[in-house]
Amino acid sequence: MNASHKQHAKNTSRDRPSRPGAQDPRDGAADCSIPHAIESVDVRIERMAMHHIDAVMAIDAQGFVDPWPAETWRHEVRDDDRLHLVAVAADEPARLESRGAHSPTTRERVVGHAGLLFLAGMAHVSNVAVDSDYQQRGIATRLLIALIDRARERGCAAATLEARAANKRAQRLYSRLGFQPLGINRGYYTKPPEDALVMSIRHLDEPEVAERINRVRAALP
């Protein structure tokens with residue numbers, strides 16, 4: 001990995017200020033998607049394409065301290081060693097009306113995104129973010145499940161991620177999906193400064209991993 005890729009990888013679990021309904025403080029998972037989500041929403045998970053970049057950047061602009069520029073996202077879409085997914089939902093009539101769209105025709109909206117970096121047979125969860133209007137509806141969980149599915153399909157041996165050491169809510173979500181603590185990365189976060197808890201799912205090809213993921217999937221609203 002060259003120097004620019006190393007910096008990109010370190011910055012992927014990005015910091016955001018807290019916001020109602022979000023983690024406090026926020027790191028890679030913007031929506032912990034607890035099992036008793038307040039309201040479900042139907043979403044379609046698909047691979048991110050160039051035409052999604054503006055919508056993804058709009059989600060990041062809601063709170064990331066240092067959001068990625070468009071060129072970084074173009075790299076994210078083009079690079080074979082990276083996979084980024086988006087969650088697409090039909091925009092809700094009340095929100096369409098609030099923006100002056102009075103037509104009964106529904107419009108689709110990117111409501112979340114999540115990414116993987118593939119390196120040496122491993123899959124690293126680079127980021128997860130959910131639109132503030134759609135948090136706590138299971139979208140982050142769906143995105144993480146889709147990432148794990150893709151990592152298994154690609155034959156990755158393990159999946160890793162980081163969470164703020166104090167962010168127990170995010171850690172509970174990751175634990176539900178099978179991530180286990182590996183160690184502490186001192187000083188990983190800078191805004192504000194904090195250590196990262198490194199977590200991993202080992203042996204992604206084992207049936208027990210698929211069984212756990214399917215149980216979480218079945219429990220979603």
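The values are calculated or read from the model by the stated rules, or taken from the named source; none is laboratory data. Being a predicted model, the structure only gives us computed values, none of them experimental. Cβ placement follows ideal geometry from the backbone for every residue including glycine, while neighbour counts extend to all protein chains displayed.
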**Request:** Could you grab me the full set of residues in the stretch 175-221 that are crowded, with 19+ Cβ neighbours inside 10 Å and among the basic types (Lys, Arg)?
**Result:** ARG176
**Asked** For THR160, which of the numbered conditions (1) at pLDDT 95 or above; (2) in contact with a helix residue (DSSP H, G or I) (Cβ under 6 Å, 6 or more places away or on another chain); (3) of a type in the set (Val, Ile, Thr) fails to hold?
**Response** (2)
**Message:** Against the definition (among the charged types (D, E, K, R) and either in contact with a Gly (Cβ under 8 Å, 6 or more places away or on another chain) or modelled with pLDDT under 95 (or both)), how does ARG154 come out, yes or no?
**Reply:** no
**Asked** If you take just the strands (runs of 3 or more DSSP E) that sit entirely in the stretch 130-216, which of them hold at least 3 residues that are over 18 Å from GLY115 (Cα atoms)?
**Response** 180-190, 193-202
**Message:** Among the residues of the stretch 128-146, what is the count of those that are more than 15 Å from SER40 (Cβ to Cβ) and buried (at least 24 other Cβ atoms within 10 Å of the Cβ)?
**Reply:** 3
